[in-house]
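Computed from the coordinates by the stated procedures, all read-outs in this text should not be read as laboratory data. Bear in mind the structure is a predicted one, so any value in this text is a computation, not a measurement. Neighbour counts are summed over all protein chains in view; Cβ atoms, including those assigned to glycine, are modelled from backbone coordinates with ideal geometry.
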Amino acid sequence: MTKKIQIDMNSDVGESFGVYKLGLDEEVIPHITSANIACGFHAGDPGVMRKTVALAKQYGVEAGAHPGFPDLMGFGRRNIDATLEEIQDYVVYQVGALMAFVQAQGLKLQHVKPHGSLYNMAVANPKIWEAIAEGVAKVDRDIILVVLASSKREALLEIGKRHGIRIAFEAFPDRAYNKDGSLVSRREKGAVIHDHKIVAKRALKMALEGKVVAVDGTEIELKADTLCVHGDNPAAVEMVKKIRQELKDASVTVIPMKWFV
């Protein structure tokens, strides 16, 4: 009997701010299972948060918080020399804000996925993951923390156990990987892959084999629970649809992470 493969599809949404519109949330959200909603620090605002939660609810998509550094101008992609205590405060503040909008619409917050530099700095420094996990646990132990799938799997699971929360491992089919399992910096050419056929093929490999090919040709193991798909341009929306269809054709069940993590 073949093992049933389940995977979640997430996307970063709710990143408009005031009169500035970013992303194509209305087009992307119907094709994913988990939405990472900006919480006002790197992007988003109260009205956008409310509308994005409503959009997720409309399509039966699980809502998650996407906390970042307080850096609107740099879109949360600049490193900030914050203490672990400050980082935890940033996370608790933003998760609490989104949780209020989620509860106001009769939903429950499914997950927390750090954004941008906060995420990348945590990948490089496990003490940051520890601070984030502790903050999430203080708010609600039912919330899942999304982390980068890598060779550090056991250490990250231990962090989850220490704080009594579930950990979901994430992979990026449309991002290039270094041979150590980290993501190639967006400042480097080829960091983001735009060919939807290549991206769909990488997504399938991640879901079926738990592997990805790095920029130097090395095959890396990264058992993923959720695939992040970026849908901030019309071509990317088609990519999201293509990945979803390819997974379905390969008998991979695409469902929210809360059902199997």
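Couple of notes before you dig in:
- Here the peptides 230-243, 74-87, 52-65, 203-216 are ranked by packing, the mean other Cβ count within 10 Å, and the order with the highest first is 52-65, 230-243, 203-216, 74-87.
- Listed residue pairs exceeding 22 Å between alpha carbons, taken from K57/K201; K201/K223; K3/K248; K138/K223; K201/K241; K161/K201: K57/K201; K138/K223; K161/K201
- Computed over all pairs of different Cα atoms, the Kirkwood value for the hydrodynamic radius of the stretch 57-163 is 14.2 Å.
- Neighbours of Y59 by Cβ distance under 12 Å: Lys/Arg scored +1, Asp/Glu scored -1, total -3.
- Potential extension, A155-A250 segment - 0.36 nm per residue separation minus Cα distance: 31.1 nm
- Whole-number percent relative contact order across the chain, with pairs defined as alpha carbons under 8 Å at least 6 apart: 22 percent
- Measuring nothing but how far apart in sequence close Cα pairs (under 8 Å, 6+ apart) lie, relative to its length, the stretch 191-244 scores a relative contact order of 38 percent.
- Short-range pairs are left out: with C-alpha atoms under 8 Å and at least six residues apart, the relative contact order of the stretch 25-105 is 35 percent.
- Computed lengthening from Y59 to E26, 0.36 nm per intervening residue step minus Cα-Cα distance: 10.9 nm
- In a reduced charge model with +1 at each Lys and Arg Cβ and -1 at each Asp and Glu Cβ, the chain shows a dipole moment near 560 debye about its Cα centre.
- Rough spin-label spacing in nm, given labels placed 7 Å along Cα→Cβ, for Q105 and E86: 3.2 nm
- DSSP beta bridges in the chain [antiparallel fraction, %, rounded to 5]: 20 percent
- Comparing Q58, L84, P70 along the charge dipole axis of the stretch 43-126, the residue lying farthest to the positive side is Q58, per the Cβ-charge model.
- Radius 14 Å from Cβ of V102, net charge of other residues (Lys, Arg +1; Asp, Glu -1): +2
- Restricting the chymotrypsin sites (Phe, Trp or Tyr not before Pro) of the stretch 100-136 to loop positions (DSSP other than H, G, I, E, B) with no more than 14 neighbouring Cβ atoms within 10 Å leaves nothing.
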